[in-house]
Amino acid sequence: MAPEPLARPCAIGPDEYRARREALMRGLPAASAVLLPAAALVTRSNDSEYPFRQNSDFHYLTGFPEPDALLVLLPGRAEGESVLFCLDKDPAQEAWTGIRIGAEAATQRFGVDQAFANAEREERLEALLDGRETLYLPLDDPEAVALAEDVRRALKARARRGAVAPRALEDISVRLHEQRLIKSDAELALMHHAARISARAHVRAMQAARPGRHEYQLQAELEHEFLWQGAAGPAYGTIVGGGANACVLHYVENAAQLAADTLVLIDAGAEFEGYAGDITRTFPVSGRFSDAQRAVYAVVLAAQERAVAAVRPGATLVEIHQGVVRDLTRGLIELGLLTGDLEARIEDGSYRRFYLHSTSHWLGLDVHDVGDYRVDGEPRPLAPGMVLTVEPGLYLPADEDIPAALRGIGIRIEDDVAVTASGHEVLTADVPKRVAEIEALMVNN
């Protein structure tokens, strides 16, 4: 019998989107404007497109789910500070691709002050931006830059008739991404739900694993659970690496057969209402760790648990990573993979042969979410509302100088952690990571 779907959290409503736009505009000069395009459909092959995924910044400020839209923010405008342009209503096209929201419904559902069809955009946009001194937009978006330059040229051409073109283009991304870094209660609820779906999928994959099955079959179990629970699908390319494939950090082929007496590493997360889950677990294909696998796993788990415990307001990701490096390097010496003094091995970086990446990244609407990691050149202190991953790992190549029992072992353990006023909350606690818990879950495989 199929499992019952999880209870869905409340969707983010128009009041929160409006509050986000207002917060962004409060930091802008009065005679400025913001231009932010939505994502466009991307062709997959011939006349079919990839599934549409909204631009994260646009989603954050509007919640509007359609392509080819444009948000214009106009601080201080009496007729309304937010204007949305969207796809025209077109019954003939909608019969093929689905009902479009349209301008009239957009104001009601998403809380923008005004909305117009794209057919009116060129004419209205010039009037809206006439007299605005600075345009803020994502400067790394060629479409946004081209649009801004077109409007400036059109207004300059009308200068003799009194039109005033914006003089400067400024990047909105840093301001907007700083705002996105701190999650609201509503966002945290969605992220917790994405994490719970992701955890269920990992448990399902553990229960489905056995020698002779293929990596792609575990991928299918994961992604089935994502969709069954109402997620849009994977938040990023699902990684299922059996045996030495686990030592490839972004392994995505997922084609190999799972062998007995090996481990499988799964890095996968669901996307729910735009927000990403991101979990990694490593477990034995046969359901029981060998002594060598258990020894390496114990090193990674101890480092991961201590790193999670270190997440609190005021701590920094640099401090957390340094603690992980110390724990893993000590473990590598104990395993005989490094020799000599702990401090010397940290100093010379020899641990990097086995630990290639950082311990954490921000998490949110993007799986590697936005927001600076340093402020004024210094590591950024953690603050309530931030969400990060904690994901140490060890990757032991199948080289001749590695003890035979340890060759080709790749282990990573990753959880999603929200910073709270008093410390932290592990959003992904529903999937086991201790050896006894994993083996108990898999005992009947």
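For the reader, a short list of remarks on this structure follows.
- Region 334-392: number of residues that are in a loop (DSSP other than H, G, I, E, B) and within 30 Å of residue 275 (Cα to Cα): 28
- Across region 134-153, the number of residues qualifying as in contact with a helix residue (DSSP H, G or I) (Cβ under 8 Å, 6 or more places away or on another chain) and at pLDDT below 95 comes to 0.
- Of all the criteria given as (1) in contact (Cβ under 8 Å) with a residue 12 or more places away in the chain; (2) touching a Lys or Arg at 6+ places or on another chain (Cβ under 8 Å); (3) open to solvent by less than 70 Å² (accessible area, probe 1.4 Å), the one not satisfied by residue 138 is (2).
- Test for residue 314: is it over 25 Å from residue 401 (Cα atoms) and in a loop (DSSP other than H, G, I, E, B): yes
- Residue in region 119-132 that is touching a helix residue (DSSP H, G or I) at 6+ places or on another chain (Cβ under 8 Å) and assigned to a loop (DSSP other than H, G, I, E, B) present: yes
- The one condition in (1) part of a helix (DSSP H, G or I); (2) in contact (Cβ under 8 Å) with a residue 12 or more places away in the chain that residue 10 fails to fulfil: (1)
- In this structure, residue 106 qualifies as surrounded by 13 or more Cβ atoms within 10 Å (Cβ to Cβ) and either among the β-branched types (Val, Ile, Thr) or modelled with pLDDT of 95 or more (or both).
- Residue list for region 78-103, filter: among the basic types (Lys, Arg) and buried (at least 17 other Cβ atoms within 10 Å of the Cβ): 100
- Subset of region 13-30 (residues that are assigned to a loop (DSSP other than H, G, I, E, B) and either touching a strand residue (DSSP E or B) at 6+ places or on another chain (Cβ under 7 Å) or open to solvent by 60 Å² or more (accessible area, probe 1.4 Å) (or both)): 28, 29, 30
- Residue match in region 201-220 (condition: farther than 30 Å from residue 28 by Cα, touching a Gly at 6+ places or on another chain (Cβ under 7 Å) and open to solvent by 40 Å² or more (accessible area, probe 1.4 Å)): no
- Among the residues of region 393-411, those identified as touching a residue at least 12 places away in the same chain (Cβ under 8 Å), in a loop (DSSP other than H, G, I, E, B) and open to solvent by less than 70 Å² (accessible area, probe 1.4 Å) are 396, 397, 402, 403, 408, 409.
- Any hit, region 364-382, residues being open to solvent by 40 Å² or more (accessible area, probe 1.4 Å), at pLDDT 95 or above and within 22 Å of residue 300 (Cβ to Cβ): yes
- Counting only helices (runs of 4 or more DSSP H) that sit wholly inside region 170-234, those with at least 2 residues that are closer than 28 Å to residue 15 by Cβ and touching an Asp or Glu at 6+ places or on another chain (Cβ under 8 Å) are 173-181, 185-208.
The values are calculated or read from the model by the stated rules, or taken from the named source; none is laboratory data. What you are looking at is a predicted structure, and each value in this text was computed from that prediction instead of being measured. Virtual Cβ from ideal backbone geometry, glycine too; neighbours counted across all protein chains shown. Each accessible area value is taken on the protein alone, full model and side chains, heavy atoms only, with ligands, DNA and RNA left out. Shrake-Rupley method; radii C 1.70, N 1.55, O 1.52, S 1.80 Å.
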